[in-house]
Amino acid sequence: MRTRLAGLAGRKRFLAAAVAGIGATLAMPPLGATPALAAGLVALVWLLDGATGFRSAFLTAFAFAFGFFAAGLYWVAGSFFVVGGATAAAGPLAVLGLAGLLSCFLALPAALAHRLTPPGAGRALALAVALGLGDWLRGHLFTGFPWNLFGYAWLHVPAVEQAAAAIGIYGVGLATLAIALLLSVADWRAWTAAALAAVAMFGWGEARLGRAPPPEVSGGTLLRLVQP
């Protein structure tokens, strides 16, 4: 599979990258299929291994990110379906425009990491740092848009998400990226490192949850939430 993906060129590579990005959104809430994120990221690395230069790497990473954001932020279009539906046609355009803008935050650092590192564990970790940096930048610049951060892939696994108490959600995202991207390397040492990191995060979280006091229960409280 690695050789086949790396051998794709032009539109076929970009289409495959977009499909990988779309598939990776299955890891986001409410589905929480975390392995889908790992599979998508592994496919991205193999596709990037076949990129011949900075431009090719940028467009490949952009296609992945565009698929990821376009599929994951489809709900933005719902805000354009107002009374009368006069602005409904602008909904899909808004989603695609937002996806294109956010994709730049991931594509540029990913292309730089590809250019500066050779294939292997070093490139996998460099891509993890690059994508983690892109996640942080899009969550802070221009007031920020921290939706579908990579760390959210663990929201259905409370033990792993406990790591956010120590390293924040961006740290969880960086660790998630490193674990997933190391799986793209054909080296048992990389797989072992990824497995140990995942077990360590889960074990630490389980221990922390075990020490947590039981939640307080208050009776007779009426809470009403109103969605405008």
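The values are calculated or read from the model by the stated rules, or taken from the named source; none is laboratory data. Just so it is clear, the model here is predicted, and its values are computed rather than measured. Methodologically, a virtual Cβ is constructed for each residue, glycine included, from the backbone with ideal geometry; neighbour enumeration extends over all protein chains shown.
Determine, yes or no, whether Phe150 is aromatic (Phe, Trp, Tyr) and under 19 Å from Ala27 (Cβ atoms).
Yes, satisfied.
For the subset of region 39-50 comprising residues that are surrounded by fewer than 23 Cβ atoms within 10 Å (Cβ to Cβ) and of a type in the set (A, V, I, L, M), which member is farthest from Pro158 (Cα to Cα)?
The qualifying residue farthest from Pro158 (Cα to Cα) is Ala43.
Please name all residue pairs, on different chains or six or more residues apart, with Cβ atoms under 9 Å, provided the first residue is in region 171-198 and is more than 29 Å from Leu137 (Cβ to Cβ) and acidic (Asp, Glu) and the second residue is modelled with pLDDT under 95 and assigned to a helix (DSSP H, G or I).
Matching pairs, first to second residue: Asp187/Ala121.
Being assigned to a loop (DSSP other than H, G, I, E, B), touching a helix residue (DSSP H, G or I) at 6+ places or on another chain (Cβ under 8 Å) and not hydrophobic (A, V, I, L, M, F, W, C) is the filter; apply it to region 24-52 and report the residue that is farthest from Gly173 (Cα to Cα).
Gly50
I'd like to know if region 72-80 contains one or more residues that are within 18 Å of Ala20 (Cα to Cα) and outside any loop (DSSP other than H, G, I, E, B).
yes
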